[in-house]
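Chemist: My questions all concern the structure below.
Each reported figure results from applying straightforward, stated rules to the coordinates on display, with no laboratory input. Treat the numbers as computed from the prediction; the structure is a model and nothing was measured. No Cβ is skipped: glycine too gets one built from the backbone with ideal geometry, and neighbour counts run over all protein chains shown.
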Amino acid sequence: MKLEMEHGPTINNPDGLQIEQAIMALPAAEAGFAVLSETESTYFQVTGCQDEGFKVEYQAGSTDAHFRAGNEANKIEDVIRAMQLYAKGDAAWKSMFEWQPYDLTAEKMGGCRGSAVLVLSVLIASGAAIASMN
């Protein structure tokens, strides 16, 4: 597993405290993101800011298996706990949210979360393109 943030170093095999610190370091009013990945196509990610809340998404192997939590303003405490459970391989994180299939190409949102989702979509698409070239 590796934890990547918009700002800061990539952390390999992060523990619960490192995950908490990374999420708490996301900006209060500007877009930010954190991605905890098993592979390039299997990951748990959060986007947003502390003032407006966080979107939570996960992908299980391909963009056809990409899901978003129905609530778009998740509390930071819930985001931290879910990411910690995901990192430990504890499937309880799935029951913390109501998941809906999500089309990554459909994003049209403003606010602090809009910019971060656009950045994530570009990173995901770039990673998939690079992987297919290898």
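Chemist: Which whole-number value in Å³ per residue fits the convex hull of the alpha carbons of the range 7-85? Could the numbers behind the result be given before it?
Modeler: On the way: hull volume 7.0 nm³, N = 79.
Hull volume normalised by residue count: 89 Å³.
Chemist: Enumerate the aspartates and glutamates that LYS2 could reach by cross-link, defined here as Cα to Cα under 12 Å, with residues fewer than 8 away along the same chain left out.
Modeler: Answer for LYS2, where 12 Å is the Cα cut-off: ASP15, GLU38, GLU40, listed by chain and number.
Chemist: Give the peptides 18-24, 2-8 in descending order of average Cβ contacts within 10 Å, highest first.
Modeler: Highest mean packing first, the order is 18-24, 2-8.
Chemist: Taking a spot 7 Å from the Cα of LEU17 along the direction of its beta carbon, which residues of the range 81-98 have an amide N less than 18 Å from it?
Modeler: Zone members listed by number: 81, 84-85, 87-88.
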